[in-house]
Amino acid sequence: MPLVAGADFGTLSVRVTIMDTQSGEIRGSASAGYPLHRDPTDPLVARQSHDDQMEALCRAMRQAIDAAGIDGEKIAAFAADTTGSSVIPLDDRLQPLADYYLWCDHTAHAEAAEITARAREDGIEAIDWCGGTYSHEWGYSKLLHFLRHNPGLRDRVATAAENCDMIAATLCGITSPADMPRSICAMGHKWMWGERWGGLPPQEFLSRVDPLLDGINDRITGRWGHSLQQAGRLGADWAGRMGLAAGIPLPFGAFDAHWDAVGTGCAAGDVVNVVGTSTCIIALADPASGPVPGICGAVPGSVVPGVIGVEAGQSATGDLFEAIARRAGTDVASLCAGLENYGPGASGLMRLPWDNGDRTVLVRPDLGGITLGWDLAHGPADEMHAAIEGMALHVSLIIDRMRSGGAEFTRVINAGGIPQKNDVLNQIYADVLQREVHVPQRSPVGVGACIFAAMAAGAFPDLATAQAAMCPPMRVFAPRPERAAAYAELSGMFRDVYQAFGAGEPCDLGRVLPTLRRFRLGH
């Protein structure tokens, strides 16, 4: 049984993991950072260099090989996932014309609003499968923003690519837009691609959004595939830089959260909260389920073939916890110490976690965080508890919205980097959702990439067998029934306040503060 390697490109670094497919053991891992370019005059800007990413990949791979104590040429396959939608404009030789518009770049909000309005007016079916709103974080929005703001480069734009597809193309030595590997995970969730309506959305619709998009679909070309299909083979140049053997297979790439979900062992009927700096919620729904308003996307085969991959999320999670701790002059772990003794709503605070906007279900980047119920005795630990409860209450709302589209779920999994380090969060999620919450005993980051590399190497007959061999075991947090009634009351009030502030719906705000005070006093 072979050794395989996977890379997970995050916001600030890439982590390379080397796994033994027979034992499921992680033989070695390493990470290497790269800069995130912000603009002090515009907080919406977040850009990143492709060259910086590739240099970091080579460093991390060689360090992981050294940590494993192996000959890198014994690695049988390699796979990579990335953030998304992280978009890069390219010339006719697939060379970057600018940096990636990273997933967290929100400069294209006006373009997204125009795409949404035109899609609704034209009755474009694809917008329904995007949840009814096209996001400022997604492909066409960012590409249009680039075309509008870089007139001197417009004539050189031969195509654009998602980060995961650009990594695969670069490593395989692909230099023609016609041969670009296009992940249906990336294109389905972020570019309104779908087999149901024949691929990309109609060109006529895009041209009516802005004539700068005339003919753009003829430039978004390539080979379309899912993660169990081969994108190409590792070129000799990059093999030498990384310390691997030339010619090993690479599958089509995908987004980090989708592969992290696979790395937990998820199957149809599961919801995976990939909790990191933000939260990406990945669910595997029955193929008969349909689109859901307010959900980021429902794409057949985007996670694994045969089921619909449903994506939703929260725009800031770990980032929000870090911000609370930073303002208090401490760290998250210190603020969470002792929070296990808090009962439901015991802080007397209710936190709407919109500090970086609302990704699901309102899709509003213009919202800000709200904390209700302050009194003179509150401290930062109270705010942290309310923030964790707010995250869980928001997840409950999102899962219920997913279920409204016909999807049914049997298991909740908390993955990503935070759940392994924060049992308070896991228990609160279990109590709020009144479901068992399963948490991998070690981080699944990178495991999904290794699983798809193993499939590309032919190490397993099917994905389920690979998951059984390579995914970490779980810890289970059981819901406490005695907390169900309290969280049901808080959940109902949270939904009312969420819709009142976020959507302008009527709400009896006069009951909110007295109710929170009652919870604070334990009545």
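Computed from Cα positions, the angle between helix 447-456 and the longest principal axis of the chain comes to roughly 30 degrees. Out of Asn273, Ala386, Ala178, whose Cα points farthest toward the positive end of the dipole of the chain (charges: +1 Lys, Arg; -1 Asp, Glu; placed on Cβ)? Farthest towards the positive end: Ala386. The mean sequence distance of close C-alpha pairs (under 8 Å, at least 6 residues apart), as a share of the length of the chain, puts its relative contact order at 15 percent.
Counting only Cβ charges, +1 for Lys and Arg and -1 for Asp and Glu, the dipole size of region 144-272 around its Cα centre is about 200 debye.
For region 269-383, the Kirkwood hydrodynamic radius comes to 16.1 Å, computed from all pairs of different C-alpha atoms.
For region 364-523, relative contact order (Cα pairs under 8 Å, six or more residues apart, normalised by length) works out to 22 percent. Backbone geometry of region 161-173 corresponds, through the Karplus equation with coefficients 6.51, -1.76 and 1.60 at θ = phi - 60°, to 3J(HN,Hα) couplings of 9, 6, 3, 5, 6, 5, 4, 4, 4, 4, 5, 8, x Hz, x marking Gly and Pro. Would you please state the base-10 log of I(q)/I(0) at q = 0.16, 0.23, 0.24, 0.27 1/Å for region 209-276, with intensities from the Debye formula using one equal scatterer on every alpha carbon? The calculated log intensity ratios at q = 0.16, 0.23, 0.24, 0.27 Å⁻¹ are -0.86, -0.98, -1.01, -1.11. Across all directions, the average projected area of the convex hull around the alpha carbons of region 140-210 is 5.5 nm².
With the helix formula -39500 (n - 2.57) applied to DSSP H stretches of n ≥ 4, the chain reaches a computed 222 nm mean residue ellipticity of -11000 deg cm²/dmol.
Compared with the rule-of-thumb size 2.2 N^0.38 Å for a compact globular protein, region 334-425 has a Cα radius of gyration ratio of 1.20.
For region 82-224, the share of DSSP beta bridges that are antiparallel, to the nearest 5, is 80%. Semi-axes of the equivalent ellipsoid of region 476-523 are 23, 15, 7 Å, computed as sqrt(5λ) over the eigenvalues of the C-alpha gyration tensor in descending order. For the chain, the longest principal axis of the C-alpha atoms and the axis of helix 380-403 are separated by about 70°. One decimal place: the segment Leu513-Arg442 gains 21.5 nm when fully extended, by the rule 0.36 nm per residue minus the C-alpha distance. Summary of the geometry: region 228-272 and region 338-378, compared by the centres of their Cα atoms, lie 37 Å apart. DSSP beta bridges in the chain, what fraction antiparallel, as a percent rounded to 5? In the chain, DSSP labels about 75 percent of beta bridges as antiparallel.
Here the calculated FRET efficiency for Ala488 and Ser334, from their Cβ-Cβ distance with R0 = 25 Å, stands at 0.20, rounded to the nearest 0.05. For region 386-454, the gyration tensor built on C-alpha atoms gives an oblate shape. Its axis ratio a/c (a ≥ b ≥ c) is at least 1.5, and a/b is not larger than b/c. The Rg/Rh ratio for region 419-523, using Cα coordinates for both the radius of gyration and the Kirkwood hydrodynamic radius, is 1.20. Backbone phi angles across region 191-208, fed through the Karplus curve with coefficients 6.51, -1.76 and 1.60 (θ = phi - 60°), yield HN-Hα couplings of 10, 6, 7, x, 4, 4, 10, x, x, 6, x, x, 4, 4, 4, 5, 5, 6 Hz in residue order; Gly and Pro are listed as x. The P(r) of the chain has a tail past 34 Å containing 35 percent of all C-alpha pairs.
Taking a ≥ b ≥ c as the square roots of the eigenvalues of the Cα gyration tensor, an a/c ratio below 1.5 marks region 203-325 as rounded.
Normalised by residue count, region 191-231 yields a Cα convex hull volume of 80 Å³ per residue.
Dividing the radius of gyration of the alpha carbons in region 61-220 by their Kirkwood radius gives 1.03 for Rg/Rh. Given a 1.4 angstrom probe, I'd like the percentage of the accessible area of the chain that is carbon and sulfur, rounded to a whole number. Taking all protein chains in place, the chain shows 50 percent carbon and sulfur surface. With a Förster radius of 30 Å applied to the C-beta separation of His149 and Glu121, the computed FRET efficiency comes to 0.75. Peptides 318-330, 423-435, 441-453, 55-67 ranked from most to least packed by the mean count of surrounding Cβ atoms within 10 Å: 441-453, 423-435, 55-67, 318-330.
The values are calculated or read from the model by the stated rules, or taken from the named source; none is laboratory data. Nothing here was measured: the structure is a model prediction, and the numbers come from that model. Heads up, the Cβs are rebuilt from the backbone with ideal geometry, glycines too, and the neighbour counts pull from every protein chain shown. Heavy atoms of the whole protein, side chains included, go into the accessibility calculation; ligands, DNA and RNA do not. Shrake-Rupley method; radii C 1.70, N 1.55, O 1.52, S 1.80 Å.
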